[in-house]
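The values are calculated or read from the model by the stated rules, or taken from the named source; none is laboratory data. Every value quoted in this text rests on a predicted model; they were computed, and no experiment measured them. Cβ placement follows ideal geometry from the backbone for every residue including glycine, while neighbour counts extend to all protein chains displayed. Note: accessible area is taken over every heavy atom of the protein model, side chains too, but ligands, DNA and RNA are not part of it. Shrake-Rupley method; radii C 1.70, N 1.55, O 1.52, S 1.80 Å.
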Amino acid sequence: MRLGVLDVGSNTVHLLVVDAHRGGHPQPMRSEKTQLRLAEQVEAGRLTNAGAGRLVRAVSRAKAAAAIAGCEELLAFATSALRDADNSGAVLARVRAETGVDLQVMSGEDEARYTFLAVRRWYGWSAGRLLVLDIGGGSLELAVGRDEDPDVALSLPLGAGRLTRQRLPGDPPARRDVEALAADLDTALAPVARRIRAAGPYDLAVGTSKTFRSLARLADAAPAGTGPRSRRTLTDAGLRQLFGFISRMAAQDLAALDGVSPGRAHQLVAGALVATAAMRALDVSELQICPWALREGVILHRLDTLGVPTPSRRPWPLTDRQPRRIMNIAQ
C-alpha cells in the first residue's frame, strides 16, 4: 500500500510518501518539506494566528500532494512545537476544519518509542541492547532497550532550536552563553543518565535525525550521496574537535558547509552542545548514525497493525499527554 506520513515539527512540515506492506521494507517514493519554523511563531505560550494560518496552508498543500501521489492513508502528527503551545487544541480544530486532516499531537515519550522502533528494525536483533538519541528542534528523546518497545523512553525540552532561541542569542553565540548552557546541560542530563544506566548496559549507541546527521557529516562521515546504507559514525573526539570550529562561525557561514541545511544552520551550535553533553553523561564514545527515525517508526507501527485488532498489541497512541520532564533549563 502507499502511505503518506505528515510530520509537523518545530522547523519543518515534512511529507514522506512510501510504498510498503506488512513485513516489508518501506520504499520512499516522494519527500516534500516546507520550512515553517513553527516554534518561532509561538508567543506568550500560544501559536500566533499568522503561524496557525501558515500551518493550515502547509497541511493543505501536503494533503494535496499526498492525494496526487496516490496515498491510501495519511498519518499526520505534530511534535514539540504544538505539544507546548497552550492553544494547540484550537489550532488542531482549525486545521481539521479547513483541511480535513486530523492532525494529532504526539507525546514526547511516544516520539522516543517510535524512533526506537525504527532504529531497532534498521539494525536488527543482532545489535543487542540499543541506546538511541534523537535531537530535534524542540526536544531531545532518549530510549534504551533490547526489544522493539524500549525499557526506558524519555523526552526533555532540550531541542536545538529551543535552546538557540532561549539561551544562545548571538550569531555566533557569545562564549559565556555557550559555557553557561554547557554547564546547565550537564546538570539536566545527570539524572537522566542515572535512569538509563539503571536499565542496564547497552551494546550499540545510535544517533538519529538531522542534527546528528549534520554533525557526523561535518566530522567527515560519508556524504548523503553515497546512500543510506553507508556506515556513518560520530565520535566524542571528533565532535569536540568539530565544536571548536563551528562555535566561532556565523549561521550564514555554517549554512555553506556540506551537510548543513540553511534553515537549521543557526541551531547547529546548540545541537552540538546537546550531543556533546548527552554523550558525556551517558559515557558514549561513538554513535552510529541511523537513517531511519520518527517517521519510519510511525510507518512501521502502522504496517504492524494492519489487520490486527489493536487490543492484541500494546498501543503507542498518538496522544496529547505531556512528556516526562526531568529538568527544564531552556529559561
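Can you work out the accessible area per residue across the range 239-285, with the rest of the protein chains kept in place, probe 1.4 Å, in square angstrom?
Details: 1980 Å² over 47 residues.
On a per-residue basis, the range 239-285 sits at 42 Å².
Using the Karplus equation 6.51 cos²θ - 1.76 cosθ + 1.60 (θ = phi - 60°), what ³J(HN,Hα) coupling, rounded to whole Hz, does each residue of the range 46-54 give in order, writing x for Gly and Pro?
Going residue by residue, I get 10, 5, 5, 4, 5, x, 5, x, 5 Hz, with x marking Gly and Pro.
Taking θ = phi - 60°, what integer Hz values does the Karplus form 6.51 cos²θ - 1.76 cosθ + 1.60 yield along the range 122-136, in sequence order, with x for Gly and Pro?
Karplus values, whole Hz, x for Gly and Pro: 5, 8, x, 5, 5, 6, x, 6, 9, 10, 10, 10, 9, 9, x.
About the Cα centre, and with charges only on the beta carbon of Lys, Arg (+1) and Asp, Glu (-1), how big is the dipole of the range 73-145? Nearest 20 debye, please.
280
Answer rounded, prolate or oblate for the range 78-235, using the Cα gyration tensor with square roots of eigenvalues a ≥ b ≥ c: rounded when a/c is under 1.5, else prolate when a/b is larger than b/c, else oblate.
Taking the square roots of the gyration eigenvalues as a ≥ b ≥ c, the range 78-235 is rounded.
What are the ³J(HN,Hα) values, in whole Hz, obtained from phi via the Karplus relation 6.51 cos²θ - 1.76 cosθ + 1.60 with θ = phi - 60°, for each residue of the range 298-303 in sequence order, with x given for Gly and Pro?
Each residue's phi maps through the Karplus curve to give 4, 4, 4, 5, 5, 5 Hz.
For the range 200-262, take the convex hull of the Cα atoms, compute a quarter of its surface area, and give me that in nm², please.
So the mean shadow area of the Cα hull is 5.2 nm².
Calculate log10 I(q)/I(0) of the chain for q = 0.07, 0.12, 0.14 Å⁻¹, where I(q) comes from the Debye formula with a single equal point scatterer on each Cα and nothing for solvent.
-0.26, -0.81, -1.14
What is the antiparallel percent of DSSP beta bridges lying wholly in the chain, to the nearest 5?
Values: 31 of 47 bridges.
Counting DSSP beta bridges with both partners in the chain, the antiparallel share is about 65 percent.
Using a probe of 1.4 angstrom, how much of the accessible area of the chain is carbon and sulfur, in percent?
Carbon and sulfur atoms account for 48 percent of the accessible area of the chain.
Figure the gain on full extension for A255 and Q35 (residue separation times 0.36 nm, minus the Cα-Cα span) and round it to one decimal in nm.
77.7 nm
Under the rule of -39500 (n - 2.57) per DSSP H run of 4 or more residues, summed and divided by the residues of the chain, what mean residue ellipticity at 222 nm is obtained, to the nearest 500 deg cm²/dmol?
Calculated mean residue ellipticity at 222 nm is -12500 deg cm²/dmol.
Specify the inter-centroid distance of the range 198-217 and the range 243-311, based on alpha-carbon positions, in whole Å.
Going from one Cα centre to the other spans 8 Å.
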